[in-house]
Structure formats: structure tokens, C-alpha cells
Amino acid sequence: MRISPGYTASPHKKKAMDESRFLEACREVLSEGTRPAGIGALGEKSLHAALKRYLEPREACREVLVGRYVADIVNEAGITEIQTAGFGRLREKLEFFLPHYPVALVYPVAAVKWLISVGPDGSQSRRRRSPKTGGAWEMLTELYSIRDLLKEPGLTLCAMLLEVEEYRLKDGRGRRGYTRWERMPVRLLEEVWARGPEEFPRLLPPDLPEAFTSKEFRACGHFSPMNGSLALSAARELGAVERIGNQGRAYLYRSVQNACF
């Protein structure tokens with residue numbers, strides 16, 4: 001399938017979440033792929049493939065040539081791009097797609113994470129739950145790299161919240177001597193869709209005060225100082241957050257949902 005500029009589509013609409021269909025998509029990808037060294041089941045590339053199958057079961061609508069770019073999904077709703085990290089790599093595609101088509105940008109988030117260590121001999125540790133939890137607000141940090149495109153009409157954002165098993169190789173490299181090797185989705189927990197400025201506040205961290213500083217924003221989202229700064233800047237570009245004054249030497253912000261408090 002190939003389409004050219006001028007293709008018309010209906011705006012992206014929220015689909016009912018279907019956990020069983022997501023797991024079936026994962027099983028299909030696993031059955032067709034290879035399993036390196038027998039450890040784990042789905043790597044980052046396979047997770048990407050599983051999400052494509054979940055969001056669009058029709059093979060003819062996946063990996064579609066649009067101009068000189070290949071879109072992950074093209075269907076009646078428009079174009080869907082799935083990105084696990086590094087949104088900056090999508091810039092050229094989005095600059096071409098957005099003037100012509102509705103575009104949904106989908107980002108998987110490990111909302112619940114189980115850690116499994118793999119030794120040099122292939123032995124696996126008992127899985128343990130990571131204390132770190134994630135949410136839709138993690139997408140904001142990635143969005144910073146394409147912040148100048150966030151107000152383009154027709155852009156829809158979606159955070160797919162997953163329970164995952166993360167396999168880490170004990171190789172003496174990386175953080176604390178471990179390198180993340182692959183992540184296997186266990187369960188689809190939630191889909192957070194945001195279609196335009198009125199819904200972008202859905203991507204904000206929970207429990208924000210009516211008025212908050214950047215430090216409070218970082219604390220609510222459990223961001224590092226750097227990622228918190230990037231996320232807050234992206235939220236402002238989306239129009240989900242606005243600056244309303246100062247609190248001492250710190251800027252004061254509020255969500256647009258609280259603009260009338």
C-alpha cells in the first residue's frame with residue numbers, strides 16, 4: 001500500500017482498550033520472530049511490532065510508504081507512529097506528515113516493571129519489582145525534542161501504560177555493572193489518549209497543586225532535575241501548563257485545567 005499527499009482521513013478516535021488482543025499481538029510477533037539465546041521473549045523491536053499489530057490488525061495498513069517515508073500505520077484514521085524513545089528521530093517524518101494527515105504519536109511506558117538479572121552463563125535471577133513506577137507524564141520528556149511541532153493541528157498523543165519484565169545482562173558495563181537487554185510486555189494496563197489542547201493536560205503528573213513550582217512539578221512526576229525541566233517546557237509548548245507569576249525567586253505555574261480556580 002502506498003499513499004501520497006492529498007489522502008483524506010477521519011481524525012483519530014479513542015478505541016476501547018483490549019488487553020487480550022494486545023497479548024495475542026505479542027504472541028503472534030513472538031511466534032514469527034527469533035529469540036536470542038533463549039532469554040526473554042520480546043525485545044524493543046518486537047514490542048514495537050506488537051503495538052503495531054494491536055493498533056492495526058490489517059497487515060496491508062502497516063509499514064506504508066507515504067511520500068518518501070514509511071509510516072508505521074496508515075488507515076481510515078490517518079497515520080500512527082510508534083516510538084519507544086528518541087522522538088527527535090521522527091522530526092523529518094512528522095514535518096512531512098502533519099501538514100497533510102492526522103497523526104497519532106504512540107509512546108509505550110513501563111508503568112509497572114519487574115527486573116530480572118541474567119548472568120554470563122545465562123542463569124536468571126528471581127524477578128523483583130522495581131520501586132520505580134511510570135505514567136503518561138513520562139512522554140513529556142520525549143516530546144521536548146519536537147516541541148516546535150506540538151501545536152500542529154491534527155496531532156494526537158497516546159501513552160500506552162504497560163506492565164513489563166526487564167532483562168538486564170550482568171556484563172560489568174552500564175549502570176552498576178548491568179546493561180538493559182530487552183523488555184517483555186506482560187500486560188496492557190491503560191491507554192491515555194490526548195487529542196488536541198483541551199486533552200493534553202491528561203499527560204501531566206498526578207496530584208499537582210493548583211499552583212506549583214518547577215520543583216513541585218518534578219516531585220509529582222518523579223523526574224530528575226534535567227528531565228523535569230524538559231517535561232515542563234514540553235507541557236508549556238502543548239498549552240497544558242501556563243506560567244502565572246512568581247513564588248519568591250521561583251516561577252509559579254498552573255495546569256490549564258485549573259485556569260479558573
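With a threshold of 26 Å on the Cα-Cα distance, the over-threshold entries among K52/K170; K113/K151; K45/K132 are K52/K170; K113/K151.
Taking amide H as placed 1.01 Å from N in the peptide plane, the amide H of Q247 sits under 5 Å from that of L252, each at least 5 places away or on another chain.
At an R0 of 41 angstrom, the distance between the Cβ atoms of E28 and K151 translates into a FRET efficiency of 0.65. Each residue of region 123-137 was assigned a 3J(HN,Hα) from its phi angle through the Karplus expression (A = 6.51, B = -1.76, C = 1.60, θ = phi - 60°), giving 5, 10, 7, 5, 5, 10, 7, 6, x, 7, 10, x, x, 4, 5 Hz with x at Gly and Pro. Taking the number of Cβ atoms within 10 Å of each Cβ as an exposure proxy, the fewest-first ranking of I116, I79, I244 is I244, I116, I79.
Restricting region 40-102 to GluC sites (Glu not before Pro) that sit in a DSSP loop and have at most 11 other Cβ atoms within 10 Å of their own Cβ leaves E76.
Applying 1/(1 + (r/R0)^6) with r as the Cβ-Cβ distance of M17 and K132 and R0 = 25 angstrom yields a FRET efficiency of 0.60. Counted by Cβ distance under 12 Å from S145, the other residues give a net charge of 0, where Lys and Arg count +1 and Asp and Glu count -1. What the Cβ-Cβ distance of E63 and N246 gives, at R0 = 45 Å and to the nearest 0.05, is a FRET efficiency of 0.35.
Bear in mind these aren't lab numbers, they're just calculated from the coordinates by the rules spelled out. Computed from a prediction, not measured in an experiment: that's the story for all the values here. Cβ: placed from backbone, ideal geometry, glycine included. Neighbour counts: every protein chain shown.
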